[in-house]
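The values are calculated or read from the model by the stated rules, or taken from the named source; none is laboratory data. None of the values given here were measured: they were computed from a predicted structure. Note: ideal-geometry Cβ built from the backbone for every residue, glycine included; neighbour counts use all protein chains shown. For the accessible areas, the whole protein counts, side chains as well, though only heavy atoms, and no ligand, DNA or RNA atoms are used. Shrake-Rupley method; radii C 1.70, N 1.55, O 1.52, S 1.80 Å.
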Amino acid sequence: MNSASTENHIKALQQQGFALQVTDSVTTLLAYWDKNLVCRYANSAYVAWFGKTKEEMIGKITLKQLLGPDFEKSAPFVEGVLNGEIQRFEYPIKSKSGIIIEGLANYFPDLDNLEVKGFVVQVTDVTELKEAQRKEKQLAILAEKGKEMEAISSVFSHDLREPLLTIRNYIKQIHEEYGHHLDETSTRYINAIFNAVDRMDLLTQGLLNYSILSQARQKNMLDCSQLVNEVLEQLETAIFETKTKVIVEDLPIIDGYEQNLKTLFSHLISNAIKYRKSDTPLEIKISAIPFESGWKFEVKDNGIGINPENKEKIFKMFQRLHNRSEYDGIGVGLGYCKKIVELHDGVIWVESILGESSNFCFTIPTT
Ligand code: ADP
């Protein structure tokens, strides 16, 4: 060998060495099987998976011996690759130490003048990818089911109002035409029917409003300071009559659904007014701070507070902590608030000291 070809030979060996180093440092399982299914190469990941050493495998073991009864599953793909066709398939594989992964296997034929000399096996662990795909599918199914439920409750609550109004009208008629003939008990019954019908109407309307919250609307850039001031104007009478002090700090401009955000602030402020303490002047503070990739808003009051064990319950539809004789309501306000925040991809929660304060916090991500 002259010096130039010696140098080339060394270079080639070096390159081979680098290539082997690279294949040994990847987590993908790599092996080369000749056409008689004898192992000619296996990288570190491959031999480790099967609990062997390179010395035990290379030149010594056949694919059938390695896979044992599992060889049957791979047989059609082996046949395919020995016919010169690339094979690609997914299957669960178990390591010697008992770990099961979802493997994506590729068999590449080593062709020399159309003759198959052997094939390369490459197995990649796609367990996480498969899990993510499964979760995505489940989420899509859930979202679809959610939409279906909304459509059902929208139709249900809409149609339920008709018969309710009919009952109301007939009871009114009876009251007007025969009221003077009725004794005290019958009049009480009629009033009870009126109340029940009114309440049922409120509940169905609540359900209807909830189900149409997420119907197609347009997001806009909104100045929250201005938006909150508009809400405060609408609540002017209640604020004035209860002598409530409202402090609004600088609020950001965000991309959101205007009407929904007004409803959200309106419910939180109205609740603060409703659940105030009778012996303490009410103060409500509305503020926002940058939080993760967006904003965290707070609507804080010094009212009656919430028992920690009810912190999650209150955000469910029709869940109330008080009866109607104490505080009027149907238990939908915070259900709306939760849905509105979620429509903005945020989360809502309450921080509270029972008997002292409630701080309703929600996030609105900007990205
Ligand atoms: P409603 O006011 O009709 O009961 P909401 O869904 O708005 O329905 O509220 C659910 C429950 O959460 C209320 O019954 C009340 O007990 C509690 N709550 C809401 N806001 C406050 C607040 N600011 N302070 C104390 N309790 C509150």
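Across region 31-58, the qualifying residues are those that are under 22 Å from GLY98 (Cβ atoms) and hydrophobic (A, V, I, L, M, F, W, C), and the one among them that is most open to solvent (accessible area, probe 1.4 Å) is ALA48. All of (1) among the small types (Gly, Ala, Ser); (2) more than 15 Å from the ligand (Cβ to nearest atom); (3) more than 24 Å from the chain's Cα centre (by Cα); (4) modelled with pLDDT under 95 hold for SER278 with one exception: (2).
Out of everything in region 329-345 that is assigned to a helix (DSSP H, G or I) and more than 8 Å from the ligand (Cβ to nearest atom), what residue ends up being nearest to the chain's Cα centre (by Cα)? Ranking the candidates gives GLU342 first. In region 196-219, the qualifying residues are those that are among the hydroxyl-bearing types (Ser, Thr, Tyr) and under 14 Å from GLY335 (Cβ atoms), and the one that is most open to solvent (accessible area, probe 1.4 Å) is TYR210.
Annotation note: of GLU298, GLU326, the sole residue that is closer than 24 Å to LEU213 by Cβ and either within 8 Å of the ligand (Cβ to nearest atom) or not aliphatic (A, V, I, L, M) (or both) is GLU298.
Residues that are more than 16 Å from GLY346 (Cβ to Cβ) and within 13 Å of the ligand (Cβ to nearest atom) within region 256-275 comprise SER266, ILE269, SER270, ASN271, ALA272, ILE273, LYS274, TYR275, listed in sequence order. Being farther than 18 Å from CYS224 by Cβ and open to solvent by less than 50 Å² (accessible area, probe 1.4 Å) is the requirement here; does GLY346 meet it? Considered against the rule, which asks whether it is farther than 18 Å from CYS224 by Cβ and open to solvent by less than 50 Å² (accessible area, probe 1.4 Å), GLY346 comes out as no.
Residue by residue through region 300-318, note down the ones that are acidic (Asp, Glu) and under 28 Å from MET200 (Cα atoms). Give the steps one after another, and end with the answer.
Of the residues in region 300-318, the ones acidic (Asp, Glu) are 301, 309, 312.
Passing the criteria: only GLU312.
When restricted to residues that are open to solvent by less than 20 Å² (accessible area, probe 1.4 Å) and among the aliphatic types (A, V, I, L, M), region 324-333 contains 1.
Considering region 279-323, and only residues there that are under 26 Å from GLY256 (Cβ atoms) and among the basic types (Lys, Arg), the residue that is most open to solvent (accessible area, probe 1.4 Å) turns out to be LYS316. Restricting the first member to region 135-158 and to residues that are of a type in the set (D, E, K, R), and the second to residues that are in a helix (DSSP H, G or I) and modelled with pLDDT under 85, the beta-carbon pairs closer than 7 Å and six or more apart or on different chains are GLU150/SER211. Note on region 139-164: residues that are modelled with pLDDT of 85 or more and in contact with an Asp or Glu (Cβ under 8 Å, 6 or more places away or on another chain) amount to 1.
The residue that is most open to solvent (accessible area, probe 1.4 Å), counting only those in region 59-117 that are within 19 Å of CYS39 (Cβ to Cβ) and aromatic (Phe, Trp, Tyr), is PHE108.
The set of residues in region 235-254 being in contact with an Asp or Glu (Cβ under 8 Å, 6 or more places away or on another chain) and part of a loop (DSSP other than H, G, I, E, B) consists of THR244, LEU251.
I'd like to know if region 255-265 contains one or more residues that are in contact (Cβ under 8 Å) with a residue 24 or more places away in the chain, open to solvent by less than 80 Å² (accessible area, probe 1.4 Å), in a strand (DSSP E or B) and not hydroxyl-bearing (Ser, Thr, Tyr).
Taking region 255-265 as the starting set, the residues that turn out to be in contact (Cβ under 8 Å) with a residue 24 or more places away in the chain are 255-265.
If we keep only those that are open to solvent by less than 80 Å² (accessible area, probe 1.4 Å) as well, we get 255-258, 260-265.
From the residues that got through so far, the ones that are in a strand (DSSP E or B) too are 255-256.
Okay, now just the ones that are also not hydroxyl-bearing (Ser, Thr, Tyr), so 255-256.
Yes, because at least one residue in region 255-265 is in contact (Cβ under 8 Å) with a residue 24 or more places away in the chain, open to solvent by less than 80 Å² (accessible area, probe 1.4 Å), in a strand (DSSP E or B) and not hydroxyl-bearing (Ser, Thr, Tyr).
Out of SER325, SER358, report the one residue that is of a type in the set (S, T, N, Q) and in contact with a Lys or Arg (Cβ under 9 Å, 6 or more places away or on another chain). Talk me through it step by step, then tell me what you get.
Values: SER325 fails: in contact with a Lys or Arg (Cβ under 9 Å, 6 or more places away or on another chain).
Testing whether each residue is of a type in the set (S, T, N, Q) and in contact with a Lys or Arg (Cβ under 9 Å, 6 or more places away or on another chain) leaves just SER358.
Evaluation of GLN21 against the conditions (1) polar (S, T, N, Q); (2) open to solvent by 90 Å² or more (accessible area, probe 1.4 Å); (3) touching a helix residue (DSSP H, G or I) at 6+ places or on another chain (Cβ under 8 Å); (4) farther than 16 Å from VAL123 by Cα shows that the sole unmet condition is (3).
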